[in-house]
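The values are calculated or read from the model by the stated rules, or taken from the named source; none is laboratory data. In this text, all values refer to a predicted model and were calculated from it rather than measured experimentally. Every residue, glycine among them, receives a Cβ derived from its backbone with ideal geometry; neighbour counts consider all protein chains shown.
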Amino acid sequence: MVMKLRPSLFALLILALSSCAKPNVDKQHYFLPEAASQPELVNTPETKNLLQLSDVQLADFLDKSGLVLQLDDITLNQAKNHVWAEDLRRQISRGLQARLNQQQQVYTVVGSQTAAALRLSLDIHAFHGRYDGLALTSGQWQLKNQKGDIEKIKRFELQTELKQSGYPALVRALGENLDKLSAQISEQLQQMP
């Protein structure tokens, strides 16, 4: 009976030691920051045009829960313990809608459930950090009319230098890129007939 007990005690000891060897790291969850504070524009009767922000499309490597860091010119790493608190597409969509409504009065930007005369779609190819301390955001946006014809199409490539190292600084810099993107789109919307 002593022989049978020893292997099970040994297995229990190995299991206890192996659980001590793995550090217990808590996951950190991140939200994109709110729009940079700007004076709220007042809706006037002339601002009745609706612009639908349709679903944001992400490159496959971004369509995951972990934040992404580019380690060198060809290697991407997805964080396991630094993750988005909510679906990244939803965060970008909500953040862009709020920023666009703050920055211009030509259109009231609504979500994808509301029909509108114009539809804004966004394809994001990069939304990550890079080894040289930059937050990258790139892709393409397009405005389509009700018939589906393209009214405007623009590529964008934005970079913001991280103010310090770490994932919180990366998330804040990506938020700044969203500020820059919405400013570019707002400028184009102001020029629409």
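Checking Thr114, Thr137 one by one, the residue that is polar (S, T, N, Q) and crowded, with 20+ Cβ neighbours inside 10 Å is Thr137 and no other. The residue list Gln188, Gln159, Gln142, Gln184 contains one member that is out of contact with any helix residue (DSSP H, G or I) (no Cβ under 7 Å at 6 or more places or on another chain) and over 30 Å from Leu69 (Cα atoms), which is Gln188. Residues in the range 61-106 that are of a type in the set (D, E, K, R) and in a helix (DSSP H, G or I): Arg89, Arg90, Arg94, Arg99.
Do we find a residue being of a type outside the set (Phe, Trp, Tyr) and part of a strand (DSSP E or B) anywhere in the range 164-173? Looking through the range 164-173, none of the residues is of a type outside the set (Phe, Trp, Tyr) and part of a strand (DSSP E or B). Of all residues in the range 149-188, those satisfying the criterion of being within 14 Å of Leu122 (Cβ to Cβ) and of a type in the set (A, V, I, L, M) are Ile150, Ile153, Leu158, Leu178, Leu181, Ile185. Residues in the range 109-116 include at least one that is within 20 Å of Ala36 (Cα to Cα) and in a strand (DSSP E or B). Could you give me the residue pairs with C-beta distances under 7 Å whose first residue belongs to the range 60-71 and is closer than 14 Å to Thr137 by Cα, whose second residue is part of a helix (DSSP H, G or I) and not β-branched (Val, Ile, Thr) wherever it lies, and which are 6+ apart or on separate chains? That search, which allows pairs on different chains as well, returns Leu62/Leu88; Leu67/Tyr167; Leu67/Leu170; Val68/Phe61; Val68/Leu62. Taken as a whole, the condition of being within 17 Å of Ala35 (Cβ to Cβ), in contact (Cβ under 8 Å) with a residue 24 or more places away in the chain and in a helix (DSSP H, G or I) does not apply to Ala135. Out of curiosity, is Leu120 modelled with pLDDT of 95 or more, of a type in the set (A, V, I, L, M) and farther than 20 Å from Ala169 by Cβ? The answer is yes for Leu120.
So which residues in the range 177-186 are over 11 Å from the mean Cα position of the chain (by Cα) and either touching a residue at least 40 places away in the same chain (Cβ under 8 Å) or farther than 15 Å from Val109 by Cβ (or both), if there are any at all?
Passing the criteria: Asp179, Lys180, Leu181, Ser182, Ala183, Ile185, Ser186.
Just checking, which of Arg172, Arg130 is in contact with a strand residue (DSSP E or B) (Cβ under 8 Å, 6 or more places away or on another chain), in contact (Cβ under 8 Å) with a residue 40 or more places away in the chain and crowded, with 17+ Cβ neighbours inside 10 Å? Selected residue: Arg130, the only one of Arg172, Arg130 that is in contact with a strand residue (DSSP E or B) (Cβ under 8 Å, 6 or more places away or on another chain), in contact (Cβ under 8 Å) with a residue 40 or more places away in the chain and crowded, with 17+ Cβ neighbours inside 10 Å.
Taking the stated definitions as given, is Ile185 among the aliphatic types (A, V, I, L, M) and over 25 Å from Val83 (Cα atoms)? For Ile185, the condition - among the aliphatic types (A, V, I, L, M) and over 25 Å from Val83 (Cα atoms) - is met.
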